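K.L.:
One structure follows; several queries about it will come next.
Values quoted throughout were computed directly from the atomic coordinates according to the rules given, and no laboratory measurement underlies them. These figures come from a predicted structure and were not determined experimentally. Virtual Cβ from ideal backbone geometry, glycine too; neighbours counted across all protein chains shown.
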Amino acid sequence: MTNSFRTLDDVDVKGKRVLVRVDLNVPMDGGKVTDATRLERIAPTITEISDKGGKVILLAHFGRPKGRDDKNSLKPVAAALADVIKKPVAFADDCVGDVAAKAVGAMKDGDILCLENTRFHPAEEKNDPTFVTELAKLGDIWVNDAFSAAHRAHASTEGLGHKLPAYAGRTMQAELDALGKALDAPTKPVIAIVGGAKVSSKIDLLENLVTKVDALVIGGGMANTFLHAQGVKVGKSLCEKDLAATALRIIDKAEASGCAIILPVDAIVAFHFAANTPSHAYGLDAIPDEGMILDVGPQSIERINAAIDDAATLVWNGPVGAFEMTPFDRGTVAGAKHAAARTKAKKLISVAGGGDTVAALNHAGVADDFSYISTAGGAFLEWMEGKPLPGVEVLKK
Ligand SMILES: Nc1ncnc2c1ncn2[C@@H]1O[C@H](COP(=O)(O)OP(=O)(O)OP(=O)(O)O)[C@@H](O)[C@H]1O
Ligand SMILES: O=C(O)[C@H](O)COP(=O)(O)O
């Protein structure tokens, strides 16, 4: 697969301005990066281009801002990246215009510059040709090293590939290679665990996913939407009620495809979204109106572990609870430890992906025991579905 497009082996980067699309969308808390996995994964590409005398100009998004805001600035992430790659990383307050042009103009061979959040410009997500042209002015070539954002056809993830000579970065290559080996012809039965908070952007993917896997465990905020669709009162839980019809359609499709849907049968409920706030396990018929489901309950954990026991291949995206806050990490940690033990016993091939999912597995202390950890969440699920990813397709032209 990796041979179908050009890589860093096919270009002399010395003296060139190299626009490198990376994924700096890392978990943060209080202005600090809480999981540096994505930064560690892009380090080889950045270091290689810099060591070969290329000017490394990093393009990335952070969060889902509506216009410019301080909370979604890449500045603290650029500082964390400098610590990881052990090289200085300069920062420019905009990714286009005079500010960016001046910063790029001041670069020497081997320098590394990170440009501010591309999503501060709505034109990024629209893949607006004028914006693509503005970005393209800053570089001689484009390297895409953001597999985890390759499902987005945005200006910096796709548009640039039509304007500048395009190459795959080392992480992009490694991800496609490893996922291909693990999942192109997966050993059956295949189970998927999907949780997390990005319900609206991921729920549609489940409709195809249920036709590819033998069982689908749904946890996290995603499960609340399904439970609501089935008539469960979910109180103040994260839940996208307008997606109830989609959830029911997915359940029907799963049944028609012979995919077992495994939803929580009990839940850990609290009244505040905070660590160590009082919480209790409730049956689904008794969720308090003011309560929030923040994790799966003990009986659900047993069901998830039993489903993992029945599987030969596991793909996991999205924690099944708000794992950043104790004790709401229990379900995710229990499932992660169980899957890791089965993998170590050579009974399971386990592949997990997603910024927070990887952080959760690190938190559980088992990331190294999984067969493969992808940096990608949504992109990983779309890849699993067999959908062409725009950021990968543009590299093939
Ligand atoms: N029941 C819940 N209520 C509220 N938040 C939850 C719940 N369960 C999980 N979450 C939150 O979901 C978030 C992770 O979801 P997300 O879909 O972003 O996963 P991800 O692994 O980062 O994937 P991607 O890479 O696509 O972003 C975590 O911050 C976690 O706290
Ligand atoms: O975290 C991710 O999965 C990628 O960075 C893509 O982010 P997005 O879902 O906001 O496009």
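K.L.:
Quick query: amide H of D266 versus all other amide H atoms, modeled in the peptide plane; which residues come in under 5 Å with a sequence gap of 5 or more or a different chain?
P.N.:
G297, S300
K.L.:
Given 5 Å bins starting at zero, what is the percent of C-alpha pairs of the stretch 186-384 in each, up to the one with the largest pair distance?
P.N.:
1, 9, 18, 22, 22, 16, 9, 3, 0
K.L.:
With a Förster radius of 25 Å, plug the Cβ-Cβ distance of F271 and Q230 into 1/(1 + (r/R0)^6) and report the FRET value to the nearest 0.05. Mind showing how you got there, number by number?
P.N.:
Values: r = 24 Å, r/R0 = 0.94.
That gives a FRET efficiency of 0.60.
K.L.:
Quick check: the angle from helix 170-183's long axis to the longest principal axis of the chain, C-alpha only, nearest 10 degrees?
P.N.:
30
K.L.:
Same structure again: With both partners inside the chain, how many of the DSSP beta bridges are antiparallel, as a percent to the nearest 5?
P.N.:
On the way: 11 of 49 bridges.
Around 20 percent antiparallel, to the nearest 5.
K.L.:
D285 versus D98, label points 7 Å from Cα toward the beta carbon: distance in nm?
P.N.:
Using points 7 Å along Cα→Cβ, the separation is 6.9 nm.
K.L.:
Same structure again: Enumerate the calculated ³J(HN,Hα) couplings along the stretch 83-95 in order (Karplus 6.51 cos²θ - 1.76 cosθ + 1.60, θ = phi - 60°), each rounded to whole Hz, writing x wherever the residue is Gly or Pro.
P.N.:
Result, rounded to whole Hz: 5, 5, 8, 6, 9, x, 10, 6, 9, 10, 6, 8, 9.
K.L.:
Quick one: give the max-minus-min coordinate of the C-alpha atoms of the stretch 51-147 along each principal axis, largest first, in Å.
P.N.:
35, 28, 28
K.L.:
Would you mind calculating the gained length between A306 and H162 on full extension (0.36 nm times residue separation, minus the Cα-Cα distance), in nm to one decimal? Please list the in-between numbers first.
P.N.:
On the way: separation 144, 0.36 × 144 = 51.84 nm, distance 4.76 nm.
Roughly 47.1 nm would be gained on extension.
K.L.:
Quickly work out the A79-to-A178 label distance, labels modelled 7 Å from Cα along the C-beta direction, and quote it in nm with one decimal.
P.N.:
2.9
K.L.:
Distance from a point 7 Å along Cα→Cβ of S257 to each backbone N in the stretch 183-223: keep the residues under 15 Å and list them by number.
P.N.:
The answer is 186, 190-194, 202-218.
K.L.:
If you don't mind, another one. When DSSP assigns beta bridges and you keep just the ones with both residues in the stretch 186-384, what percent turn out antiparallel, to the nearest 5? Walk me through the intermediate numbers first.
P.N.:
Details: 9 of 28 bridges.
Counting only bridges with both partners in the stretch 186-384, antiparallel ones make up about 30 percent.
K.L.:
Whole angstrom only: what separates the Cα centroid of the stretch 312-368 from the Cα centroid of the stretch 150-176?
P.N.:
28
K.L.:
Compute the whole-percent fraction of alpha carbon pairs in the stretch 2-173 spaced more than 24 Å apart.
P.N.:
Details: 3858 of 14706 pairs.
For the stretch 2-173, the share of Cα pairs beyond 24 Å comes to 26 percent.
K.L.:
Give the span of the chain's Cα atoms along each principal axis, as three whole-Å numbers ordered largest to smallest.
P.N.:
The principal-axis extents, from largest down, are 63, 42, 36 Å.
K.L.:
Mean-square fluctuation check for the chain, GNM, Cα pairs under 10 Å: which of N276, N305, N362 is largest?
P.N.:
N276
K.L.:
Another question, if that's okay. Please give the contour-minus-distance gain from M107 to S201: 0.36 nm per residue of separation, less the Cα-Cα distance, rounded to one decimal in nm. Spell out each step's value before the answer.
P.N.:
On the way: separation 94, 0.36 × 94 = 33.84 nm, distance 3.78 nm.
Extending this stretch completely gives an extra 30.1 nm.
K.L.:
Still on this structure: If amide H atoms are built 1.01 Å from N in the plane of the peptide, which residues on other chains or at least 5 residues away come under 5 Å of the amide H of G54?
P.N.:
G15, G110
K.L.:
Please order V296, V26 by the number of other Cβ within 10 Å, starting at the fewest. Each step should come with its number before you reach the end.
P.N.:
On the way: V296 32, V26 24.
Fewest to most other Cβ atoms nearby, the residues stand as V26, V296.
K.L.:
Taking the Cα centre of the stretch 2-173 as the origin, how large is its charge dipole in debye, to the nearest 20, when only Lys and Arg (+1) and Asp and Glu (-1) carry charge on their Cβ atoms?
P.N.:
Working: 25 positive and 25 negative charges, 6 e Å.
So the magnitude is around 20 debye.
K.L.:
For a footprinting-style exposure proxy, rank E255, E240, E175, E158 by other Cβ within 10 Å, fewest first. Let's see the in-between values first.
P.N.:
Numbers: E255 12, E240 17, E175 28, E158 25.
Result, fewest neighbours first: E255, E240, E158, E175.
K.L.:
Using amide H atoms built 1.01 Å from N in the peptide plane, name the residues 5+ places from S350, or on other chains, whose amide H lies under 5 Å from its own.
P.N.:
L314, S371, Y372
K.L.:
Using a basic spin-label model with each label point 7 Å from the Cα along Cα→Cβ, how many nm lie between A345 and K387?
P.N.:
So the two model labels end up 3.6 nm from each other.
K.L.:
Working from Cα positions, state the angle (0 to 90°, nearest 10) between the long axis of helix 37-51 and the longest principal axis of the chain.
P.N.:
Roughly 10 degrees between the two axes.
K.L.:
Just need the Rg to Rh number for the stretch 269-397, please, alpha carbons only, Kirkwood Rh. Before the final figure, lay out the partial values.
P.N.:
Details: Rg = 16.6 Å, Rh = 15.9 Å.
When Rh is taken as the Kirkwood radius, the ratio is 1.04.
K.L.:
If you plug each phi of the stretch 377-388 into the Karplus form 6.51 cos²θ - 1.76 cosθ + 1.60 with θ = phi - 60°, what whole-Hz ³J(HN,Hα) values come out, in order, with x for Gly and Pro?
P.N.:
The phi angles translate into x, x, 5, 5, 5, 5, 4, 4, 5, x, 6, x Hz.
K.L.:
Can you sort T37, T157, T313 so the residue with the fewest Cβ neighbours within 10 Å comes first?
P.N.:
Values: T37 17, T157 29, T313 20.
Ordered from fewest to most neighbouring Cβ atoms within 10 Å, T37, T157, T313 come out as T37, T313, T157.
K.L.:
As a check on your grasp of the helix formula, calculate [θ] at 222 nm for the chain: sum -39500 (n - 2.57) over DSSP H runs of n ≥ 4, divide by the residue count, round to the nearest 500.
P.N.:
Working: 15 runs with 153 residues, N = 397.
Computed ellipticity for the chain at 222 nm equals -11500 deg cm²/dmol.
K.L.:
Place +1 on the Cβ of every Lys and Arg and -1 on the Cβ of every Asp and Glu in the chain, take the dipole about the Cα centre, and give the residue among S156, M384, P122 whose Cα lies farthest towards its positive end.
P.N.:
So the residue furthest toward the plus end is S156.
K.L.:
List, in order, the whole-Hz ³J(HN,Hα) value for each residue of the stretch 120-132 obtained from phi through the Karplus relation with A = 6.51, B = -1.76, C = 1.60 and θ = phi - 60°; use x for Gly and Pro.
P.N.:
Rounded to whole hertz, the list is 5, 10, x, 5, 4, 6, 7, 6, 5, x, 5, 5, 4.
K.L.:
Please state, as a whole number in µm²/s, the translational diffusion coefficient that the Stokes-Einstein equation yields for the stretch 163-285 at 20 °C and 1.002 mPa s, with Rh defined as the Kirkwood radius across alpha carbon pairs. Don't skip to the end; give the middle numbers.
P.N.:
Working: Rh = 16.6 Å.
For the chosen part, D equals 129 µm²/s.
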